[in-house]
1. Taking 0.36 nm per intervening residue step and subtracting the Cα-Cα distance, what contour gain separates THR343 from GLU653 on full extension?
2. Let me make sure I get this right: for the range 840-898, a, b and c are the square roots of the gyration tensor eigenvalues over alpha carbons, sorted descending. Under 1.5 in a/c it's rounded, otherwise prolate if a/b > b/c, else oblate. Which is it?
3. Excluding GLY253 itself, calculate the net charge of residues whose Cβ lies under 12 Å from the Cβ of GLY253, where each Lys or Arg counts +1 and each Asp or Glu counts -1.
4. Please compute the Kirkwood hydrodynamic radius of the range 716-756 from all pairs of different C-alpha atoms, in Å with one decimal.
5. Under the classification rounded if a/c is under 1.5, otherwise prolate if a/b is larger than b/c and oblate if not, where does the range 677-720 fall, given a ≥ b ≥ c as square roots of the Cα gyration tensor eigenvalues?
6. Past 32 Å, Cα to Cα: identify those pairs from LYS736/LYS769; LYS78/LYS378; LYS234/LYS371, in the order given.
7. Residues with beta-carbon under 13 Å from that of LEU662, excluding LEU662: net charge, scoring Lys, Arg +1 and Asp, Glu -1?
8. How far apart, in nm, are the 7 Å Cα→Cβ label points at GLU74 and LYS316?
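Nothing in this text is a laboratory measurement; each read-out follows from the coordinates by a stated rule. None of the values given here were measured: they were computed from a predicted structure. Glycine gets a Cβ as well: all are built from the backbone with ideal geometry, and neighbour counts include every protein chain shown.
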Amino acid sequence: MKKYFNTFLDTVKPLKDKIFNEKTGKTFRITYSVIWNLILIFLISGTLLAALGVGVGAGYFASLVKDEYPRSYEEMKKDIYNYEEPSELYFADGELAGYLRSDIVREEVKIEDVSDYFLDAVIATEDENFENHDGVVPKAVLRALFQEVTNASVQSGGSTLTQQLIKNQILTNEVSFERKAKEILLALRLENFFDKDEILEAYINVSSFGRNSSGQNIAGVQAAAKGIFGVDAKDLNLPQAAFIAGLPQSPNGYTPFTRDGELKSEEGMEPGLDRQKTVLKRMYENGFISKNEYEEALEYDIVNDFIDSVETPLEKYPYLTMESEREAINILMEVLYEEDGYTKEDIENSEILTERYTELATRNLRQNGYKIYTTIHKDIYEQFQEVVANFQNYGPDKPEQIEDEETGETVTVYEKMEVGVSLIDNATGKIISFVGGRDYSDNQLNHATQAYRHNGSSMKPLVVYGPAIDMGLAAPGTVLTDVDLGIRVNGEPWPHNFVSSKYYGLTSARVALTNSYNVSAVYLIRNIMQNNPVQYLEKMGFSKLVPSDYENYSVALGATSNGVSVVENTNAFATFGNDGQYVESYMIEKIEDRDGNVIYEHESEPVEVFSPQAAYLTVDMMRDVVRNGTARALPGYLNFSADFAGKTGTSQETRDIWFVGLNPNVTMGIWMGYSTPKTITTGSVHLQLWAQLMNAAFEVAPDIIGAEDSFQMPDGIVKRSYCGVSGLLPSEACAKAGLVQSDYFIAKYAPTETDNSLIEGKYVTINEKNYLAMDSTPDEFAKSGFILNPDFIKEIAPQLDEDEYEQLIPDNAKWDNIIVPSAKIEENGKTPASIKITLSGNTIKWSKHGEEDVIGYRVYRIVGDQGEQIGSIIAGDSLSYKLPANGMYAVTAVDIAGNESGLSNIIQFGTVVEQPPMDDETDENENEDHSEEPPTDSEEDNSETNPDNPDNPDNPDDSDDSEEEPIDPGDNEQQP
């Protein structure tokens, strides 16, 4: 400074010498010295003060950032790219279904896939020196600092794009010197690690842009471009780019949409339109666009580009969205807790761990931008929802009393009849489609996966017939005893068959399943209960079994303690269609992170439940259910034919109706009922709706349904004839009786013993009861036929009393010639005593003999000393004989062994020529008053004669090919 000052003096020295003389020169020198020293003092003081200020400022800055450690490149990269992004949901064909629920909708995009107009608009608006600074603009920082210190009412922006990125991704929006100091430090460091494009790309992906046309909060330019204009970010034109670029300053203020996804009013949109003009002006002023482009953009009608309101996935596919979310959370939970070394049992046994990992999984699903790939076939799923929405035959809405949450008062609401459906691929377990309910806005419960109800008779193949066949304890031709089983509930016989409550007698397993006989099913499960048939349900994924289910016979009728879901029931039936291999159903195929890394992929683990032979035989029986059983109406509802098998189900009081049908490729189950169980009065609507859904699936995806395929019989199955009475190899008697049938058996379990259930021989009928005859029983009182062996009866139905044996005979013409012995008459070894007869008009009468083994009576005409037998009367409570002509008559009693009593008293009818008395007879009755009426129970004429009497009916025609009685369409169950 002194050097420059001296140079200045040298320059002015000549002038100084002229102006100043020697006298004044001294004065000047003194003044100059004083001034110079003062200048030096001020300069030194200023420098010291400046140094002090810088030191104090630096010290203060250092104190503000003392807790901020030097971050590495990897840390900073993770931080700036760690933005919240919703998870995407995909159909089986890879088509995007939409986003799962999230606080904000975001879709990451690369900078090269973004319109240059938008990038220029962002720079012009937010940071015009972006390409030149190192993360911080000192002038802007000082200006902002001055405004903060002076508490200026209007503050100009002091943050670069880099600083804004730091604030959004690493720091907070807190207004403080500490946060600002850290922001500056980290911005400088970020610029040191990343190039400008990387910083700009991160910024345009994290910034908030208001709401989309669905009313969702959006972030990132790609979500903004799609959600506001319906285009990709790379296709934004200049006016659209300027509009979006202006949104981050006040996202909710400038956005054109309300939270309901509706366009704001003209007044409401004005701030956003004004902001767009500001962005365009800055782009023009900074040379990013020409004047012509600027003017054209100002004239552009941007409002016309705003898209109409769009349904969110939750609005369009509510049941799919929510079910996918539930499954994905469960999967992510498992991934997380296994990474931490926990097992499934650990989680199930700890509420704290369950809550912790549920929260973690939910948060990750909301924020981490996973791609969730489902097994759901888009076209079938959409068709299913349409069919259910348009079905016309639902039952009526029914009243239900509930308590109002606000007032506490009881109010009446009306519940709709609901439906749950699941369509599963047999071989893989993929859930191809499902129906969660009729209207999600009315009822959010997913009736396919979350509702657990009693599955009625659809349980029979799963826990009774399938297991019994697999154990070798039954086959389609096994004869079951559908009679009173001796079980009592509240003093009444249990179970009951549906509709008629009658018993069906000796019936094959095939017929019993076809017609869904309840008693037969309980009879069979009682026979196999010691082998724990409920274990089969465990293997097939029934999740809510309890110990009592393993002991209660009512499980055969679907009356488990907690019920079963539609998916579980359908999945179990798919086991039969997959050769007895159970493959757990699933709906999430795989999950990828935002970088495309697969973090989960489903792997099936088949479990052998039934042998292929047992599975096939059960399917073959269920074919009959569809052909001519309780689901026989189904083929008439279908638009195509296929090899379908299946089983209906109805719970107690008809509160639930089910049908599960399968072919070799797929299995579909349907449930219908009310959310609060109520009696259903609409008949077979479930079969109608099932058929409509299957028709729809076949129409859009026939290759998935595979109507041309049929179930193939595996090796190890043979066809054998058996006796329809016992299920054993036919005996000669069974063949003669016309009761030989044939069916399929697992070869190693085919019958090897010969039937012993029938006896071909004589019997006697007294008072409509049948008794086995003896060899010596007179033919005139006996009939020839086929009799159930009493020993066989005791073996199969020991609980029956003798007067209940008739329950064993089916109401079927083929069985008309089969006799059930009511009891066996024991011959007492004595000759019956004589009886007394009386005459009434032209009819003689007598009372029942006092001895139980008397089976009949012979009527004699006395001619001279000879007795001529003219008639035989089978023993009964009311006995009489109409005399054919004048003469003398007597009667004898005959027991089952053929022993005959002496003649009764002799009755004279009309005028007769006197004959000498017979040998060994007296005339003690000669003077008897024949007009006296004997004490009889009835005055009716009894003209029963022997079986050869032409008045008796012929033997029934046994040419009828039907195996069983007409079908009883229904299968209601009752639980003890």
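1. Extra length available between THR343 and GLU653 comes to 107.4 nm.
2. Oblate is the answer for the range 840-898, as a/c is 1.5 or above yet b/c matches or exceeds a/b.
3. The answer is +1.
4. Details: mean 1/r = 0.0998 Å⁻¹.
Value: 10.0 Å, from the Cα pair sum.
5. Numbers: a/c = 4.24, a/b = 1.46, b/c = 2.91.
Oblate.
6. Over 32 Å apart, Cα to Cα: LYS78/LYS378.
7. Result for the neighbourhood of LEU662: -3.
8. Inter-label distance under the simple model: 4.1 nm.
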